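The next block holds one structure in the form of structure tokens; read it before the comments.
None of the figures in this text is laboratory data; all of them are computed from the coordinates on show. Since this is a predicted model, take the numbers as computed values, not measurements. Every residue, glycine among them, receives a Cβ derived from its backbone with ideal geometry; neighbour counts consider all protein chains shown.
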Amino acid sequence: MKPARPYILSPADGAVITQGDQLELRGIGFSPDFGTTDFQDMVWSSHRDGLLDVGYDTVVDSLSPGRHRIELTVPDGLGGESIARVTIEVTAREVAPFPEDFQQGIDG
């Protein structure tokens, strides 16, 4: 019996996004003996932010800044789990400073 294995189709390993941007998570679990993994058994997580979502295709936009190990976990069909991983980087979104004349208006 061949266990089910997860395959991450997106994001690519090494991808870089900016905090608040949407990140598409797309993957599948498959075994020649067990077929395609059920939708609800496709679990996406980040070692930094925890559970992200379930399903074949989802979008997240709330990842914290820093390096993330994104994991797709599926039941292997033999009583265990299989995990696929990619690493991405989320850069902090820069906050534009107030224009100087606006700040002067606040200060008085």
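Here the strands (runs of 3 or more DSSP E) wholly within region 45-99 that include at least 2 residues being within 13 Å of the chain's Cα centre (by Cα) and of a type in the set (D, E, K, R) are 66-75, 81-91.
Scanning region 1-26 for residues that are within 19 Å of D41 (Cβ to Cβ) and part of a loop (DSSP other than H, G, I, E, B) yields a count of 4.
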